[in-house]
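The values are calculated or read from the model by the stated rules, or taken from the named source; none is laboratory data. Not measured: the values here are computed from a predicted model. Positions of Cβ are backbone-derived with ideal geometry, glycine not excepted, and every protein chain shown enters the neighbour counts. For the accessible areas, the whole protein counts, side chains as well, though only heavy atoms, and no ligand, DNA or RNA atoms are used. Shrake-Rupley method; radii C 1.70, N 1.55, O 1.52, S 1.80 Å.
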Amino acid sequence: MEFVQSVIGVLGGGSASFGVLLFAAAIIFLFIIYNSIAMVGGVQIAILERRWLGSQMPEGRVVAMSNEVGMQARILGPGMHFLTPFLYNVQKAYMMNIAEAEVGLIESIDGQPVSPGRIFAKVTEGHNLFQDGEAFLRQGGEKGPQIQVLPPGLYRINPYLFKVSKVAAVSIPNNKIGLVVATDGQPIAPGRLLGKRVDGHSNFQNGRAFLEKGAQKGPQIEILLPGTYRINTKLFEVQIKDATMVPAKRVALVTAKDGEPLPLSEYVAITIAGHKEFQDPAEFLAKGGQRGPQLDFLRPGTYYINPLMFDVAMDDVAIVQRGEVAVIVSNVGKDPSAMPPADTVGGLPIHTEDRLKEGVERYVVDAGYRGIQKEVAGPGTYYLNKLAYTPHIIPTTNITIDWADEKTDAKAPRVFNPLSIVSKDGFEMTISVKVIIRVLPQQAPHMVARIGTIDNLIEHVIHPLIDSSFRNQASSSEAMKFMQDRHEEQRKAEEHIAEELEKYHVQCVSVLICQIVLPERLMETLTNKVVASQQKSMFDSQQEAEERRREMEKTKAQANLQPNLVKAEIDVQIANQQKQQQVILAEGKGQSTRLEQEGIAAGVESVGRAEGEKIRAIGQATAEAYSKQAQAVGQAPLAIIEVMKQVSQGRIKITPDILLQGGGGPGDGANASSNVLSAFIASLMAGGIKLVPQEGGSKKG
């Protein structure tokens with residue numbers, strides 16, 4: 001201004017030349033042009049401030065319209081712009097750049113107040129994503145946070161009218177979900193946990209559509225799947241959670257937190273179709289899904305489920321091994337009272353006492369009814385909802401139960417202490433017992449109906465049954481007899497146990513008494529008796545062995561002398577033959593002599609002579625025979641042979657008729673007298689001493 005005033009002064013003075021005036025006019029013109037043109041770069045904007053010559057802004061406003069003095073709502077984009085000289089002050093700024101993975105959140109500094117109860121300003125049209133500030137204000141744009149967001153790009157935003165915050169876009173990784181909580185909207189309906197589903201909001205990226213269609217404030221029933229979303233994070237809070245992943249050999253049991261109330265008579269909710277395995281909770285509620293445990297379950301896989309709506313719990317699949325069956329207890333189905341009575345078989349009534357015989361239990365039902373299913377599941381892998389169907393794994397192979405000091409069978413499900421029982425005669429015994437049972441597949445449901453599980457059967461039936469049975473048997477038998485009759489006691493116990501277990505639809509394979517431990521004092525007595533018996537048997541065997549050895553030695557000696565004995569026998573036979581020959585010859589000679597002297601008077605002397613000749617001939621023959629025998633066997637053996645002949649004929653005694661024995665020690669005088677007296681009596685009884693009566697009435701031996 002000082003420059004202009006100086007130029008005017010020069011003109012008024014008339015002292016300057018025309019050229020100088022022209023130059024001055026050009027300078028003034030250029031100055032006016034400079035203040036009338038705004039040059040804006042390609043990525044810049046020009047912010048205008050009107051200094052004067054305009055109306056005042058309404059009270060409460062901070063940004064002016066075109067005819068108002070103050071910071072203007074409108075801005076100038078890139079290029080050359082002509083302005084009224086000296087009317088505007090121009091400030092330059094860079095455009096708002098929103099990167100690819102970002103969104104711009106807008107907050108208006110000026111505008112109409114937000115409606116009571118609302119947090120975000122209403123959406124207005126025509127402002128070209130907040131790039132036309134005057135249009136925003138003319139359309140009644142409200143002050144405060146805006147629902148609309150700026151997607152990636154360059155924007156001519158007046159920073160005096162709009163505050164822009166750049167935030168990262170919402171990105172949901174794979175196998176994750178986004179839970180959304182709306183900070184504005186209608187209140188959630190009473191009794192509901194989550195805001196209802198509305199259409200058209202494009203995964204919460206269109207906040208205007210979300211609010212205008214009556215969406216509700218709070219946690220939302222819809223979720224965000226993996227991806228990138230341009231969401232107004234001031235309107236929607238997003239929490240990233242894990243998706244539901246069900247691994248192999250597992251099932252996922254689902255419990256709904258919202259829905260229709262579950263009937264009191266039901267344990268699990270009814271099946272609802274169309275909810276896409278609980279991934280569409282809005283459809284679940286729309287079709288009357290019930291709150292509580294669900295009958296449907298999830299198999300192995302990945303599921304995008306809203307955890308605010310459904311609780312998911314993992315469970316193992318039901319695996320039935322070989323040698324097992326699964327008895328299924330159904331918690332769903334028709335009322336069992338609608339089934340034909342359990343007291344009928346084939347439609348015909350049976351009596352209660354015949355029920356066990358027919359294998360019928362009251363709570364064993366057909367398929368489709370609630371209760372213990374008659375049909376069992378064989379070996380295999382089963383995906384079951386164990387809230388609805390409870391499997392009881394029952395082994396159908398032999399089950400061994402031990403009452404022993406230590407576990408001897410690796411498959412034994414239970415080992416108890418040995419049984420301690422008292423016999424009839426008051427001795428305490430300890431016995432080890434092994435019981436083998438089996439449940440037939442077709443009887444497994446009835447067994448479960450009776451007692452429940454195998455553990456219950458063992459703990460509450462078999463164990464007390466075995467204990468009671470052996471106590472009763474021991475109380476009627478002595479300890480030693482109980483051990484001796486072990487096989488019979490085992491048989492009686494097996495019969496009794498089999499009869500009792502039949503009531504529980506269990507087959508008793510065998511009952512075995514493995515060991516009986518008697519008291520130590522009784523065992524000592526029994527051991528001593530057995531040892532004595534064994535010693536007696538040993539002594540008898542030794543005696544028999546000695547007898548056999550003696551016979552063997554005799555036989556061996558006879559065998560060694562057999563050749564000599566045979567020769568001796570032959571020589572003896574020859575000698576006997578020669579002896580008989582001599583005797584016959586002698587007799588013949590004597591007879592001849594008698595015949596020759598027959599005519600002569602027989603006299604004593606002749607007869608004696610003939611007899612003498614006979615005896616002499618016999619003696620000579622005998623002597624010759626003995627001589628030959630002696631030559632064959634020798635003098636000593638021949639003498640022994642003759643003696644033994646006399647002994648065998650009873651002519652010679654080799655044992656005394658009376659035998660006296662004495663101790664031979666000190667003080668045996670009395671015994672000697674007694675032995676003499678005993679010998680005298682024995683001789684008297686044997687007839688060796690005769691009592692002859694004497695004169696005077698005395699007897700002398």
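Quick notes on this one:
- Subset of the range 266-290 (residues that are under 34 Å from the mean Cα position of the chain (by Cα), open to solvent by 30 Å² or more (accessible area, probe 1.4 Å) and on the phi < 0 side of the Ramachandran plot): E266, Y267, I270, T271
- Subset of the range 150-167 [open to solvent by 10 Å² or more (accessible area, probe 1.4 Å) and either touching a Ser or Thr at 6+ places or on another chain (Cβ under 9 Å) or not aliphatic (A, V, I, L, M) (or both)]: P151, P152, G153, Y155, R156, P159, Y160, K163, S165, K166, V167
- Qualifying residue in the range 232-242 (condition: within 35 Å of the chain's Cα centre (by Cα) and either assigned to a loop (DSSP other than H, G, I, E, B) or in contact (Cβ under 8 Å) with a residue 24 or more places away in the chain (or both)): yes
- Filtered residue count, the range 494-526, keeping only those that are farther than 18 Å from E428 by Cβ, touching a residue at least 60 places away in the same chain (Cβ under 8 Å) and either open to solvent by 80 Å² or more (accessible area, probe 1.4 Å) or of a type in the set (G, A, S) (or both): 4
- Test result for Q543, modelled with pLDDT under 80, surrounded by 10 or more Cβ atoms within 10 Å (Cβ to Cβ) and farther than 30 Å from Q620 by Cα: no
- Residue within the range 361-380 that is open to solvent by less than 30 Å² (accessible area, probe 1.4 Å) and at pLDDT below 90 present: yes
- Residues of the range 24-71 that are among the charged types (D, E, K, R) and in contact with a strand residue (DSSP E or B) (Cβ under 9 Å, 6 or more places away or on another chain): E49, R50, R51, R61, E68.
- Of all positions in the range 230-239, none carries a residue that is modelled with pLDDT of 95 or more, surrounded by 15 or more Cβ atoms within 10 Å (Cβ to Cβ) and over 24 Å from P152 (Cβ atoms).
- At least 3 residues being of a type outside the set (A, V, I, L, M) is the threshold, and among the helices (runs of 4 or more DSSP H) wholly inside the range 422-482 those reaching it are 444-451, 463-475.
- Residue list for the range 186-225, filter: open to solvent by less than 60 Å² (accessible area, probe 1.4 Å) and farther than 18 Å from L285 by Cβ: G200, H201, F204, G207, A209, F210, L211, L224
- You will find that of Y88, Y94, the residue that is closer than 21 Å to S66 by Cβ, out of contact with any Cys (no Cβ under 8 Å at 6 or more places or on another chain) and among the aromatic types (F, W, Y) is Y88 and no other.
- In the range 429-441, of all residues being of a type outside the set (A, V, I, L, M, F, W, C) and over 23 Å from the mean Cα position of the chain (by Cα), the one that is most open to solvent (accessible area, probe 1.4 Å) corresponds to T430.
- Within the range 45-64, the residues that satisfy the criterion of being open to solvent by less than 50 Å² (accessible area, probe 1.4 Å) and in contact with a Gly (Cβ under 9 Å, 6 or more places away or on another chain) are I45, A46, R50, G54, V63, A64.
- Enumeration of residues in the range 96-108 that are of a type outside the set (D, E, K, R) and open to solvent by 70 Å² or more (accessible area, probe 1.4 Å): N97
- Out of V103, V123, sole residue that is part of a loop (DSSP other than H, G, I, E, B) and farther than 30 Å from R51 by Cα: V123
- Among the residues of this structure, L512 does not count as one that is among the aliphatic types (A, V, I, L, M) and assigned to a helix (DSSP H, G or I).
- Meets criteria (surrounded by fewer than 20 Cβ atoms within 10 Å (Cβ to Cβ), under 30 Å from V246 (Cβ atoms) and not aromatic (F, W, Y)) for T397: no
- Scanning the range 32-41 for residues that are open to solvent by 60 Å² or more (accessible area, probe 1.4 Å) and either in contact with a Cys (Cβ under 7 Å, 6 or more places away or on another chain) or not hydrophobic (A, V, I, L, M, F, W, C) (or both) yields a count of 1.
Listed here are the residues, each with its yes/no results for (1) in contact (Cβ under 8 Å) with a residue 40 or more places away in the chain; (2) open to solvent by 60 Å² or more (accessible area, probe 1.4 Å); (3) within 28 Å of N232 (Cα to Cα).
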{"position": "V43", "(1), (2), (3)": "yes, yes, yes"}
{"position": "F82", "(1), (2), (3)": "yes, yes, no"}
{"position": "Y94", "(1), (2), (3)": "yes, yes, yes"}
{"position": "R118", "(1), (2), (3)": "yes, yes, yes"}
{"position": "F136", "(1), (2), (3)": "yes, no, yes"}
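- For A273, the test of being in a loop (DSSP other than H, G, I, E, B) and among the hydrophobic types (A, V, I, L, M, F, W, C) is passed.
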